[in-house]
Amino acid sequence: MQFIKQLLWICLIFLYCHITICPVSAKEYIFSSSESKGFSIAFMVLREAYQNIGIDIKREKFTSARALIESNNGRTDGEIGRVKGIDRTFKNLLRVPVPVLTIQFAAFSKDNTIQIKGWESLLPYEIAYIRGVKCIKKNLPKGARVNLLTRQEHLFMFIEKNRADIAITSLISSHFVLKSKDIHSIHVVGKLSKVHLYHYLH
């Protein structure tokens, strides 16, 4: 983790010294993220890296899809963490080439007889996930039955009420939500991809 912070520090110094994306004189920046608890870890890593170059940062929480709109349009100064390649669609964002967090996506269900072994094995089931999570959308098999929700809490309540078979989210986000909501009926039924999240600047 310390090595990642040092690399981020070096990259941020380079960007702010050589690229006129944001005014170097600014002392505080606001970055978008979803409300997922996993981003709290990424934010702490970034905050320390920015403090090393004399800049304070704040995190502004949105739904996942809305966060990208806000950062791409310049209403915030960038994204706390997104997958590599998001800048091909959101062209006003510039990726800092050091991962700030690695997350493990997994499938969750009330039905312990379900066993998920890779993305293609999701096809027979009705799926729920958070709108705006591009990595999940990209990897779902063609023809998958999908429900798009806005919040992690809603995701697991959706499964609790038997409105979908499987929820897809990260292990780190699920831990916080299931514990805070005291939900014991939903379990991991298969691990999916691991992905790196990168910091993006507007």
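Bear in mind these aren't lab numbers, they're just calculated from the coordinates by the rules spelled out. No experiment lies behind these values; they were computed from the predicted model shown. Here Cβ is always computed from backbone atoms with ideal geometry, including for glycine, and neighbour counts include all displayed protein chains.
Key figures for this structure:
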{"item": "Diffusion coefficient, µm² s⁻¹, Stokes-Einstein with Kirkwood Rh over alpha-carbon pairs of the chain at 4 °C and 1.567 mPa s", "result": "73"}
{"item": "Quarter of Cα convex hull surface for the range 103-195, i.e. mean projection, nm²", "result": "5.1"}
{"item": "In order through the range 32-40: 3J(HN,Hα) via Karplus (6.51 cos²θ - 1.76 cosθ + 1.60), integer Hz, x for Gly, Pro", "result": "7, 7, 6, 7, 4, 5, x, 6, 4"}
{"item": "The range 58-133 shape via C-alpha gyration tensor axes, a/c threshold 1.5", "result": "prolate"}
{"item": "Whole-Hz ³J(HN,Hα) from phi, Karplus 6.51 cos²θ - 1.76 cosθ + 1.60, for the range 156-169, glycine and proline x", "result": "6, 5, 4, 5, 4, 8, 6, 8, 8, 7, 9, 9, 10, 7"}
{"item": "Other-chain or far-sequence residues with amide H under 5 Å of TYR29's (modelled H)", "result": "ASP56, ILE57, LYS58"}
{"item": "Fraction of antiparallel bridges per DSSP, the chain only, in percent to nearest 5", "result": "55"}
{"item": "Mean separation of Cα contacts under 8 Å, 6 or more apart, over the residue count of the range 59-102: relative contact order %", "result": "31"}
{"item": "Efficiency of FRET from Cβ geometry, GLU35 and THR113, R₀ 35 Å, rounded to 0.05", "result": "0.65"}
{"item": "The range 19-98: trypsin sites (Lys or Arg not before Pro) in DSSP loop, at most 10 other beta carbons within 10 Å", "result": "LYS27, LYS91"}
{"item": "Relative contact order of the chain, pairs being alpha-carbon contacts under 8 Å that are 6 or more residues apart, as %", "result": "29"}
{"item": "Whole-angstrom gap from the range 72-87 to the range 135-202, using each part's C-alpha centre", "result": "21"}
{"item": "GNM top mover of SER173, SER36, SER185 - the chain, alpha-carbon springs below 10 Å", "result": "SER185"}
{"item": "Antiparallel DSSP beta bridges within the range 89-190, as percent of all bridges there, nearest 5", "result": "50"}
{"item": "Per-residue ³J(HN,Hα) for the range 56-62, Karplus 6.51 cos²θ - 1.76 cosθ + 1.60, θ = phi - 60°, Hz, x for Gly and Pro", "result": "8, 10, 10, 10, 10, 9, 9"}
